[in-house]
1. Give the aspartates and glutamates whose C-alpha is closer than 17 Å to that of Lys88, dropping any in the same chain fewer than 8 places away, or say none.
2. On a 0 to 90° scale, report how tilted helix 62-72 is relative to the longest principal axis of the chain, with both axes built from alpha carbons and the result rounded to the nearest 10.
3. Under 5 Å between amide hydrogens, which residues at least 5 positions from Gly148 or on another chain qualify, with H placed 1.01 Å from N in the peptide plane?
4. Straight-line reach from Lys375: which aspartates and glutamates have Cα under 16 Å away, leaving out those fewer than 8 places along the same chain?
5. First compute the accessible area of segment 303-444 with a 1.4 Å probe, then give the percent of it belonging to carbon and sulfur atoms.
6. Around Leu181, what is the net charge, scoring Lys/Arg as +1 and Asp/Glu as -1 over all other residues with Cβ under 11 Å from its Cβ?
7. Send over a whole-number figure in Å² for the accessible area per residue of segment 129-266, probe 1.4 Å.
8. Give the cross-link partners of Lys247 among the lysines, using a straight C-alpha distance below 27 Å as the criterion and excluding same-chain residues fewer than 8 apart.
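The values are calculated or read from the model by the stated rules, or taken from the named source; none is laboratory data. In this text the structure is predicted, and so the values were computed from the model without any measurement. For neighbour counting, all protein chains shown are included, and Cβ atoms are generated from backbone atoms with ideal geometry for every residue, glycine included. With ligands, DNA and RNA removed, areas are computed over all heavy atoms of the protein, side chains included. Shrake-Rupley method; radii C 1.70, N 1.55, O 1.52, S 1.80 Å.
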Amino acid sequence: MDVLTPLLRGSALTAMFSDTQTVQGMLDFEAALARAEAQCNVIPGSAVAAIERACDVQNIDLPALADAAASAGNLAIPLVKQLTAQVKQHDVEAARYVHWGATSQDAIDTGFVLQLRQALLKTDAMLSSLLAALAEQTEAHRDTVMPGRTWMQHALPVTFGLKLAGTLDALLRWQRRLRDLQDNVLTLQFGGAAGTLASLNQNGPAVAQALAKELSLTLPDTPWHSQRDRLLEVGHWYAGVCGTLGKFANDFALLMQTEVAEVSEPTAPGRGGSSTMPHKRNPVGCAAILTAAQRTPGLMATLYASQIQQHERALGGWQAEWEVLPELLTLSGAVMDQSEQLVRGMQVDTAKMRADLDITHGLIMAEAVTLALAKHIGKQDAHHLVETLCHQALEQKRPLLHLLEQNARITMHFSSAELTALLDPSTATGSARHFVRQVLTRYQEQRHDDSLSD
């Protein structure tokens, strides 16, 4: 096992792309091919049982397979040789019909699609669990007021619930895309040497249809040996989810900075410590998420470059997908897993959030004063006056309220109590509650739709 796997790829998706699963996926294709061809009277029905029995990864010498692939150019060629030898030990006649009419890429691509089906189902479950955790925290903090930040500076008050709702909203969109993705990409690859199934003569379409049914995959209108858009779409989904959760982790880590300290990651023995500084509590979960988010753009660049494939069967571009796609999926699986742990166990210091609203001594509420004053003296004059007082407050290190109370142009319209109320951050979160409610309603609607489809 790679020693970094628990840290960077520690989710259930990783096991689905092990060497064993990769080879078993191709063997499942070969077994289904034999059944389909027997149904169509292309090969003798008597050959099927021996081929099926041999299509078990336990019968395959994986180290020998790896060594042979270096010379063959792919795993399927030496795999078919080993499989044929296994079948021949029990049924010489049946061995003649192993891999009949197929090509290496048919076995490799369809084998990967079978792995992908498992991964997409698990991904859907993982995403649903993450959404549930995020919805719960969004509801809990719908009225938790905190500083909003633009350009890394205090802007206007927001709520932590709204901040969480932004991520929840994005993930709900990714969930809908995932459902569409499953319909698009779980597609059989079966075209033979040049995508024509010429070796099956007039039986090609019938065998393809039977094979798709055996594997419960969609039958495409044409083989897609050198049209890789479906797999690009898969990569796009996982990279996109990584981006959404990377943004969340980045914000969370910034809120964990010592000077801010508004949130903390879950605590556990040995989590987040430093090898030299006993006081440290590092955002290790955020770091793992951001590590994957940093890597996915490069992996996607390879997938985009791999779209340019030569003629009917390609060299280089297709092969580049073999490691890139599993790496992208397993990194993304860990991101979802880490994100759920972070969301479920996050520690939120609501008092610190409220205290941080006051560190600018009222400046964060300057816009509220400006808008109220504008009703009396006009927007432009109000903005200029309040902006001048803000600059004075910064220079003199005085609360904005004191300067407002000393300005005759302001006190002629507002009492001290009214100015104090205008500077209260809890009254200035605008439509935050409305936006949070809309996202939570959307979450419940999608959850209800899911329950109806189960």
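1. Hits, sequence-local ones excluded: Glu30, Glu52, Asp56, Asp61.
2. Value to nearest ten degrees: 80.
3. Distant-sequence amide H within range of Gly148: Ala155, Leu156, Val158.
4. Of all the aspartates and glutamates, those that pass the test against Lys375 - Cα under 16 Å, at least 8 places apart if same chain - are Glu367, Glu418.
5. Summing carbon and sulfur atoms, their accessible area is 54 percent of the total for segment 303-444.
6. In short, 0.
7. Normalised by residue count, the accessible surface of segment 129-266 is 42 Å².
8. Lys122, Lys163, Lys280, Lys352
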